[in-house]
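*Asks:* One structure is given below, represented as structure tokens, and several questions about it will come after.
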Amino acid sequence: MKHPLIALSAALLCAGAAHAQSSVQVTGLVDLYAGSMRYAGDPGQTSVVGSGGMTTSWFGFKGTEDLGGGLKAHFNLTSFLRTDTGQAGRFEGDSFFSRDANVGLSGGFGKLSLGRDLAPNFLPSVVANPFGDSFTFSPLVLHMNVPLGDPYASIWGGTTPSDTGWSNEVIYSTPNIGGLSANVHYQFGEVAGRSGKKNVGVNALYFNGPVTLTGFYERDQISNPSPNALLGRTQKDWMLGGAYDFSVAKAFVSYGQSSADGVDTKAKTAQVGASVPLGAGKVLASYAQTKLSNIDIARKTLTVGYDYQLSQRTDLYTLLMSDRITAQHSGNSIAAGIRHRF
């Protein structure tokens, strides 16, 4: 009996040592809201229980392994959810792991990852507006990323139609140097016998005390699961943004443009916002305006709300939004929701 016990003890010790060098985490976020929604162009109000008022709901697995000498391996497999119905993905036809499906290495050189990962436009748009990555209420995100075919703003194409995540991608991320970091993105077209279409882009982020500065540039030729195809045109998008925390309030501002080859029209988007601490939460406000040059069409969206922090992982929020597009029905929305991280 001693030999099997010794073998079992050794196996447990080895397993413990291996566990100390690596970790796998089940993680995610559930966000649900109830309200009355009407975006510009909608025929009327719709009473809803919706998913992702402040953040798109998701779940998945993340892990790292310490390889020694400062080198680490990492992976991410995460999926979006429509938690109001229990369906996977952000919309019909969205791939299961459309949020993350990547593996890579990090160390003193920075980080290199392969697979499906963030697009260059995502992080700059999130840090440059007070509503973060709200695809339901953030004016900046709505103007940039809500694609043609969305069940609400069906007449708006979005100014970055190649999606906020890219498939078949390589990302190199620099080390953080004095608060400054950058990411270089390349998405392969995967067409046999030739280089084919591809997406390329870069972004930069700078954090130093109360100051936040960011920007991105991308050249898009490929749609990533999204109903809004690029219709064979090369599209170029860029944005500069930032924020300053005055303690009593944090101010946000951004400006960007989008254009497509062979099309005279440019989309020009400006956004201002603020976050003001109040009690255990924050008052949030943001206004974005996008003008389409040469065709005299503009979209103007204002959202105000209050986000109350119940704990480190759970918050309650209430929001009001006004949405206007030239020559279309105006829209007003009101909602209240809860967001929980795990």
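Derivation of every value follows stated rules applied to the coordinates shown; laboratory data play no part. What you are looking at is a predicted structure, and each value in this text was computed from that prediction instead of being measured. As a convention, Cβ positions derive from the backbone with ideal geometry for all residues, glycine included, and neighbour counts pool all protein chains shown.
*Asks:* Identify the trypsin sites (Lys or Arg not before Pro) of segment 267-314 meeting these criteria: DSSP loop state and at most 16 other C-beta atoms within 10 Å of the C-beta. Please list the in-between numbers first.
*Replies:* Working: sites: Lys268, Lys282, Lys291, Arg299, Lys300, Arg313; in loops: Arg313.
Here the trypsin sites (Lys or Arg not before Pro) that fit, given the DSSP loop and packing criteria, are Arg313.
*Asks:* Does anyone have the angle between helix 2-21 and the longest principal axis of the chain? Alpha-carbon axes, 0 to 90°, nearest 10?
*Replies:* With rounding to tens, the tilt is 30 degrees.
*Asks:* Let me ask something else. What order do you get for Val141, Val24 when you list them from fewest to most C-beta neighbours inside 10 Å? Can you show the working numbers first?
*Replies:* On the way: Val141 26, Val24 12.
By the 10 Å Cβ count, ascending, the order reads Val24, Val141.
*Asks:* If you take all C-alpha pairs in segment 235-293, what percent of them are over 14 Å apart?
*Replies:* Beyond 14 Å sits 61 percent of the P(r) for segment 235-293.
*Asks:* Farthest toward the dipole's positive end in the chain, which of Met321, Gln45, Thr85, given Cβ charges of +1 (Lys, Arg) and -1 (Asp, Glu) about the Cα centre?
*Replies:* Met321
*Asks:* Give the Cα extents of segment 43-341 along the principal axes, in whole Å, largest first.
*Replies:* 53, 49, 39
*Asks:* Moving on. What lysines sit close enough to Lys250 to cross-link, taking a C-alpha to C-alpha distance under 20 Å and skipping anything fewer than 8 places away on the same chain?
*Replies:* Reachable lysines: Lys282.
*Asks:* Could you work out the Rg to Rh ratio of segment 17-130, with Rh taken as the Kirkwood radius (inverse of the mean 1/r over all Cα pairs)?
*Replies:* 1.09
*Asks:* With θ set to phi - 60° and the Karplus curve 6.51 cos²θ - 1.76 cosθ + 1.60, what are the ³J(HN,Hα) couplings of segment 170-181 in order, to the nearest whole Hz, using x for Gly and Pro?
*Replies:* Couplings: 10, 10, 10, 10, 6, x, 7, 10, x, x, 9, 9 Hz.
*Asks:* Which longest run of the chain has no exposed loop site in it, a site being GluC sites (Glu not before Pro) in a DSSP loop with at most 13 other beta carbons within 10 Å, and the site itself not part of the run?
*Replies:* For GluC sites (Glu not before Pro) (loop position, at most 13 other Cβ atoms within 10 Å), the longest site-free span of the chain is 191-342.
*Asks:* Here's a follow-up. Which of the listed residues, Gly279, Thr159, Ala335, is farthest toward the dipole's positive end in the chain, when Lys, Arg count +1 and Asp, Glu count -1 at the beta-carbon?
*Replies:* Towards the positive end, the residue furthest out is Gly279.
*Asks:* Given an 8 Å cut-off on Cα distances and at least 6 residues of separation, report the relative contact order of the chain as a percent.
*Replies:* The normalised contact order for the chain reaches 16 percent.
*Asks:* Most exposed first by the Cβ proxy, i.e. fewest other Cβ within 10 Å, how do Met321, Met37, Met144 rank?
*Replies:* With the sparsest Cβ surroundings first, the list reads Met37, Met321, Met144.
*Asks:* On to the next question. About its Cα centre, what dipole magnitude does the chain give when the only charges are +1 on Lys and Arg Cβ and -1 on Asp and Glu Cβ, stated in debye to the nearest 20?
*Replies:* 240
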